1. Please specify each residue of region 78-87 satisfying the condition of being outside any loop (DSSP other than H, G, I, E, B) and open to solvent by 30 Å² or more (accessible area, probe 1.4 Å).
2. Answer yes or no: is there a residue in region 42-50 that is open to solvent by 20 Å² or more (accessible area, probe 1.4 Å), farther than 27 Å from residue 125 by Cα and either modelled with pLDDT under 90 or not basic (Lys, Arg) (or both).
3. Mind checking which residues of region 137-166 are aromatic (Phe, Trp, Tyr) and either touching a Pro at 6+ places or on another chain (Cβ under 6 Å) or more than 18 Å from residue 99 (Cβ to Cβ) (or both)?
4. Given the conditions (1) at pLDDT below 90; (2) surrounded by 12 or more Cβ atoms within 10 Å (Cβ to Cβ); (3) in a loop (DSSP other than H, G, I, E, B), and given that residue 72 satisfies all but one, which numbered condition is not satisfied?
5. Could you go through region 139-146 and let me know if any residue there is charged (D, E, K, R) and either part of a strand (DSSP E or B) or at pLDDT below 85 (or both).
Amino acid sequence: MPDESERRKDTQTPHQVAVRDNIKNWKITLTVGGGGGLEAVRKGWHSVEVPAVGSAIVRKHHSVDTTDINPNALVIFNDTITADQRTAVFRAAADALNDFELQRNVPGGSVSEDGWRVSLKMTTRRREISVSARELSDVRDAGEDFTRLIQEINKFLPAKAAIRLD
């Protein structure tokens, strides 16, 4: 007969982020950048903040450090979005977090600054979950759910300010 800890292991399921009706304390932060080094300066990269309440903000940055969300970057969108748009963005973000797969490291353990990088963080009052992927040939390599998340965000952005997928 298995002991208590073994029985508990068998019945536990992994934690999944679920979007329910009560999302009043949620916030997602997404960064999407192509290229490395000076290419990030030349082409720029995007940061997106979508809180459960208030305005969604999308910024275009031109800096080498794609982890530093500079509040002085060019704001390309700062407005409220509909409840349906907000729910669609949160569902896509939850799916991207739930279905994220870790990939093997580059042989030899070297890290290149080339390729696309994406980072997604979802927070509530007490919890935070985040994932990042780098060295992608394009954003679609981060997974279908990241692609869907960016497409949902692009729906409320002006057409010429849309986040590129390649």
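1. The answer is 78, 79, 83, 84, 85, 87.
2. Yes: region 42-50 contains one or more residues that are open to solvent by 20 Å² or more (accessible area, probe 1.4 Å), farther than 27 Å from residue 125 by Cα and either modelled with pLDDT under 90 or not basic (Lys, Arg) (or both).
3. The answer is 156, and nothing else.
4. In the conditions (1) at pLDDT below 90; (2) surrounded by 12 or more Cβ atoms within 10 Å (Cβ to Cβ); (3) in a loop (DSSP other than H, G, I, E, B), residue 72 misses (2) alone.
5. no
The values are calculated or read from the model by the stated rules, or taken from the named source; none is laboratory data. Owing to the predicted nature of the structure, the values given are computational and were not obtained by experimental measurement. In this analysis, Cβ positions are derived from the backbone assuming ideal geometry, glycine residues included, and neighbour counts consider all displayed protein chains. Side chains included, ligands, DNA and RNA excluded: accessible areas come from the protein's heavy atoms. Shrake-Rupley method; radii C 1.70, N 1.55, O 1.52, S 1.80 Å.
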